[in-house]
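Here's the structure, in C-alpha cells; my notes come after.
The values are calculated or read from the model by the stated rules, or taken from the named source; none is laboratory data. The structure presented is a predicted model; accordingly, all values stated were derived computationally and were not measured. Cβ placement follows ideal geometry from the backbone for every residue including glycine, while neighbour counts extend to all protein chains displayed. For accessibility, only protein heavy atoms count, side chains too; no ligands or nucleic acids. Shrake-Rupley method; radii C 1.70, N 1.55, O 1.52, S 1.80 Å.
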Amino acid sequence: MHRVGSAGNASNSSRPRKEKRFTYVLNDADDTKHCAGVNCLAVLKSQSSDGRDYLFTGSRDGTLKRWALGDDSVSCSATFESHIDWVNDVVLAGDTLVSCSSDTTVKTWNCLSDGACTRTLRQHSDYVLCLSAADKNSNIVASGGLGGEVFIWDIEAALTPVAKSVDSMEEDSSNGMIASANPGLPITSLRSIGSSSNISLHTSQTHGYSPVAAKGHKESVYALAMNESGSLLVSGGTERVLRVWDARTGAKNMKLRGHTDNIRALLLDPTGRFCLSGSSDSMIRLWDLGQQRCVHSYAVHTDSVWALASTPTFSHVYSGGRDLSLYLTDLATRESLLLCTKEHPILQMALQDDNIWIATTDSSVHRWQAEGHNPQKVFERGGSFLAGNLSFTRARASLEGSTPVPVYKEPSLTIPGIPGIVQHKILNNRRHVLTKDTAGFVKLWEITRGIVVEDYGKVSFEEKKEELFEMVSVPAWFTMDTRLGCLSVHLESPQCFSAEMYATDFNISGASEEVKINLAQETLRGLLTHWMAKRRQRSGPRLSVNGDVPSSKDVSIRTHTHSRIEVDDGAENHNAMVHPSFEFSTVSPPSIITEGSHGGPWRKKITDLDGTEDEKDFPWWCLDCVLNGRMPLRENTKCSFYLQPCEGSNTQVLTQGKLSAPRILRINKVVNYVIEKIVLDKVPVDGSNSEHTFVSGVAAGQSQLSTLGDGSFRSGLKSWQKSKPSIEILCNNQVLSPEMSLATVRAYIWKKPEDLVLNYGVMEHN
C-alpha cells in the first residue's frame, strides 16, 4: 500500500505543524453519490415491518452512505461524515455501524440515524485497514492496520461512560458531557490481564476505556476474520502468515504458513474450525484450524485475491481481486465458475440473499446475481473448470487463450457514483482551478465560492490549461490535493493570508478602488457564515464535534480558564457580512476538515455546524480572523523597485533611491504618480506622510509608494487633465500593460533576483 498524506493533519505526522490546518472539501452538486472508489460494504437485513434491507458503503471520498434497497431500486437515505481520510472497512455490530479509516481512527455510528458520529476511538498509530465483527456477539469488533496493531473492542463498553459517583455524574451532566474520573483505568467489563499474558492495555482517549491489544504482528495487518461467537480471531498481512488468537484474552493460539505473498482477505466459518484466505500470490487456501494446516489450495485467479465472501453454509466461496474477475468456487469439488468481469479491481463483496454487491476502485457499486442460497443452480449453466493446486496453472491457462466466459454480462442493479477528480492545475490567479475527472471531463472551479464555473466537457486538459494561462502573479495562499476524489483546499497560518486583491476586481458595489480584500480572510468568512449565524443563537455547551469525550481534567480547564480568543462583539457583527464573490452554496455545501485544542481532527458540512463549536474545535487563528478580523503579520507584501527615466530620454528624474509599494499595485497607478510629478513638478517633502503620494525615504534614501488611484489627483489637477502627457512604463525595454501588478512584472518581465527597475517615458502626441 502506498503511503499518502492524509487530507487532514494526521496525528501521526512526524513533522510538527506550527499551527493547525484548516481544510475545506468542495462537494459535487449531487451529494448522494460517492466520488471516489468504494472500499467496503455491509448489508443490514430487514428488522422492521417494511421488509427493507439496507446497504452501507464506505468510500475513498471519506464518507459512508446508507442505501435503502428495493427489488429493483435503491436510494441514498443518509451520509455519515466525520472521517477525514479514506474509509477502509465497515462492519455492523447490532445497531451500531463501525468504520475504520486511514485517518488512524475507528468510529461508531447509530446505523439508522441521520449520520452523526457517536464515538471516535483513537487507539491506532497508523492507517486502520480492516475490521471484523462477531455475528452472534454484537459487542465484539476487532480492528487492524498498517501499524501492526490488532485491537479487540467491546463496543458496548466503549460507548458506555465509566461509572462514577453521583455527585461527579451530576457535575459532568450539567456540562452536557460525561467523562471518566480516572482515564487511566481500563473498563471493568474486560477480562483482567496477567503480567505473563500477550495482552497490552493502552489508555484510550475515550473516557478511560481500553481495548484488548493482541500483540505479535511485526508488520502491517491487512485482513481479519472472527467466528460468530467472537471467541476466535484470525489475522493476516504482509508477514504472509495467518495468526490465530483467542479473542477473549488476546492470547496467541497458532501461526500458519503457506502463502508466498501478502494476505489480503480472510473468512472464518461459523464454528471457527475452517478458515479461507486470499493472497497477493493469487491463491485461495482452505485451512483446518483444528489440524493447524492447509487442507486445500485453489488456483482460480491470475492476480492478487483481495475479496472473499462465502455462502451461509460455507460450501462455496465468491472471490475477486486485481484481475477484475468474480469467481464462484465449490470448496468440496474444486469446481469454479467465472460469474462476471469488471472494469476495475474488486475490493470487497457482500451477499444479500441471492445477490452479491461488489465494491471496486470505481465510485459506482454493482449488484450481480449470485444464487447464494443455491449456488449449484449457477453451475448448471455450464462453463465451469477445475481449480488447480498451483498459482501458475490459472495464469498459464489465461495465456493459452482458455479464459472462461463469464456467466453474467451485466449487473442486475447499479448504484452510480460520480467520476472522481484525478488531475488538477491551480491557475495563476489563485482563485480558479482546472480539473479532470476519471471520465475525462474537464471543469473550471472557483474555489472562493466552491462551484464549477465552466464545464468544458471531454477536451484536452493540457490544451485547456495553456488556453487559460494568465500572466499574473498571486502568492500561493493555499495548497490542494485530490486524494478524496474531490478538491481539498488547505489553509495554513500565516501563509494563507499572503494574497490580497483590490475590491474592484470582485465588482463589489460601492467599494473604493483603494480597498483591498484578503482572499483567505474572506474565504473563511464565507465558509463560516452559517456557523456565525448559529453562534448568535447558541445555547449551552455540547460534546466535541467528532464524538470525542473530554476527560474531567479537560472539562475543568475549559470551565475555569479564559479562551485564547477574546471576542470583540462589534468586530464579529461587522465581519458577518460576506461578499458575493465568497458566498458558498448551501445546496452542495463544502465540508470542513480541521481540529482545535481538543479531540483531534474532524469533518462536517458547513451547514451542519450548530454554532457551539469553539476553540476546542477550530484553530485559534481561524476564529481570531473570522470573529475579530485579526490576521497574523505577513511577510513579503511589499515590492522594492527603482523608477528611472528611459535611456536617452529628456524626462526629468523624479525620484532618488529605492521605492517600495504593495505587490498588488497596478502599473496605472505608477503612471498616475509620474504624471502628477511631471505636471505639478511636485518634489516629495521630507518627513511627509501624505496618502497617495511618494514619501521621501526616512531611512537610507528609500521612498514608499502608497496605493495610488484616481484619488491621487488633487482638485488643482482638473484644469489640465485634457492636456496631460501620455506616460508609458517599461521594464527590460518592454512596454507594460497598465493593469499589470508589480508582482506580475517582477515574475514574468523582470525575472531577476535583484530589485525591480522600471523606466518611464513621455509619448509624443502627433
For residue 460 and residue 136, compute 0.36 nm times the residue count separating them, minus their Cα-Cα distance, and round to one decimal in nm.
111.2 nm
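Percent of accessible area on the range 442-503 owned by carbon and sulfur, 1.4 Å probe?
After summing per-atom areas, the C and S share lands at 48 percent.
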What nm value, rounded to one decimal, do you get for the distance between residue 385 and residue 441 when each label is placed 7 Å out toward the C-beta?
3.9
Please list, in order along the range 382-388, the HN-Hα scalar couplings obtained from phi with the Karplus expression 6.51 cos²θ - 1.76 cosθ + 1.60 (θ = phi - 60°), rounded to whole Hz, x for Gly and Pro.
x, x, 7, 9, 8, 5, x
Need one value: the accessible area of residue 210 in square angstrom, 1.4 angstrom probe, rounded to the nearest 10.
0
Name the residue farthest towards the positive end of the dipole of the range 26-130 from the options 96, 64, 111, assuming +1 on Cβ of Lys and Arg, -1 on Cβ of Asp and Glu, about the Cα centre.
96
Among the range 500-532, those whose backbone N falls under 13 Å of a label point 7 Å along Cα→Cβ from residue 747 are 500-501
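Any number yet on Rg/Rh for the range 588-681, C-alpha, Kirkwood?
1.33
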Placing +1 on each Lys and Arg Cβ and -1 on each Asp and Glu Cβ in the range 577-677, then taking the dipole about the Cα centre, the residue among 588, 623, 659 whose Cα reaches farthest towards the positive end is 659
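Can you compute the charge dipole magnitude of the range 100-140 about its Cα centre, using +1 on each Lys and Arg Cβ and -1 on each Asp and Glu Cβ, nothing else charged? Give it in debye, rounded to the nearest 20.
120
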Using a cut-off of under 13 Å, list every residue of the range 331-372 whose amide N is near the label point 7 Å from the Cα of residue 46 along the Cα-to-beta-carbon line.
353
Give me the one-decimal nm value for the distance between modelled label points at residue 231 and residue 583, 7 Å along each residue's Cα-to-Cβ direction.
6.5
Solvent exposure of the range 74-120 as accessible area per residue, Å², 1.4 Å probe
24
Hits in the range 258-279: amide N under 20 Å from the 7 Å Cα→Cβ extension of residue 293, namely 258-260, 273-277
Using a 1.4 Å probe and ignoring any ligands, DNA or RNA, find the accessible area of residue 509 and quote it in Å² to the nearest 10.
110
Low-density loop positions, trypsin sites (Lys or Arg not before Pro), the range 405-481 - DSSP coil, at most 16 other Cβ in 10 Å:
409, 458
Straight distance only, please: which lysines reach the Cα of residue 20 with their own Cα at less than 20 Å, same-chain residues fewer than 8 apart left out?
604, 605, 616
Once you place label points 7 Å from the Cα toward the Cβ at residue 469 and residue 735, how far apart are they in nm?
2.3
Given a 1.4 Å probe, how much area per residue of the range 338-381 is accessible, in Å²?
38
Not counting ligands, DNA or RNA, and with a 1.4 Å probe, what is residue 114's accessible surface area in Å² rounded to the nearest 10?
130
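Return one whole number: the accessible area per residue of the range 439-517 in Å², for a 1.4 Å probe. Numbers along the way, then the final one.
Working: 3480 Å² over 79 residues.
Per residue, the range 439-517 has an accessible area of 44 Å².
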The range 444-490: chymotrypsin sites (Phe, Trp or Tyr not before Pro) falling in loop per DSSP and having at most 14 other Cβ within 10 Å:
469
Post the alpha-carbon centroid distance, the range 580-617 to the range 306-380, in whole angstrom.
40
Quantify, in whole percent, the carbon and sulfur part of the accessible surface of the range 576-665 (1.4 Å probe; protein heavy atoms only).
47
